[in-house]
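Everything on this sheet refers to the single structure shown next.
The values are calculated or read from the model by the stated rules, or taken from the named source; none is laboratory data. A quick note: this is a predicted structure, and the numbers were derived from the prediction, not measured. Cβ placement follows ideal geometry from the backbone for every residue including glycine, while neighbour counts extend to all protein chains displayed. Heads up: the accessible areas ignore ligands, DNA and RNA and are worked out on the full protein's heavy atoms, side chains in. Shrake-Rupley method; radii C 1.70, N 1.55, O 1.52, S 1.80 Å.
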Amino acid sequence: AGPGAGKTRTLVGRIAHLIEARGASPASITAVTFTNKAAAELRGRLEQRLGKRRCKGLTVGTFHAIALRQLTACRGPLSLIDAPEAERIARELLGQSGAHGSAKKFLAWVSQVKNGRAAREDGAFPAAAFDAYAARLAALDACDFDDLLLGAIQLFEGAEEKGCAPLRAALR
């Protein structure tokens, strides 16, 4: 839906209904948005309607922010590299490997591989370049935005076996 279609108004109404009429605990509600701006707008409208105190414990954020929150709650602190840092690493690795291509194209390919939409062995980039990128992130104890979402998915899928109390509580 486009701007002005009522998405935020609908979410505010639904969340307010769950809290006011159904007695849901705000801590049991997670509202996911695509942008930080949308998350801030949603939280602001909820606080306006329900009051700040009644919104305590409510989780509102982007996919990435919520994934980061869950991963750090269950696994401890982690470093997240941003796009400029990922590009710097990619340029360095491409230079070392002798592979040709732009850092942005390389990172787009890495993202596709991680998300199962491309093969690790590609005409433009060798699998060794992918492995070198993954190894560099591991050496930095860091993840990129794809790792963040994929890690959260793995965490959700294995929360019961791995004993992550914050995530188990969120899943209930």
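For the pair Glu20 and Thr35, label points projected 7 Å from Cα toward Cβ lie 2.8 nm apart. Estimated from helical segments only, the mean residue ellipticity of the chain at 222 nm is -20000 deg cm²/dmol, where each DSSP H run of four or more residues counts as -39500 (n - 2.57).
Accessible surface of Glu20, taken over heavy atoms with a 1.4 Å probe and every protein chain present, rounds to 90 Å².
For a paramagnetic label modelled on Gln48 (point 7 Å from Cα along Cα→Cβ), amide N atoms under 20 Å away belong, within the stretch 1-29, to 2-20. Convex hull volume per residue, computed on the Cα atoms of the chain, equals 147 Å³.
Rounded to the nearest 0.05, what FRET efficiency is calculated for Gln96 and Asp141 with R0 set to 25 Å and r the Cβ-Cβ distance? Computed FRET efficiency for Gln96 and Asp141: 0.75. Using only the Cα atoms of the stretch 20-119, each taken as one equal point scatterer with no solvent, compute I(q) by the Debye sum, divide by I(0), and report log10 of the ratio at q = 0.13, 0.18, 0.21 Å⁻¹. After summing over all Cα pairs, the log10 values are -0.68, -0.96, -1.11.
Just the protein heavy atoms count here, and of the accessible area of the stretch 54-141 at 1.4 Å, carbon and sulfur take up 55 percent.
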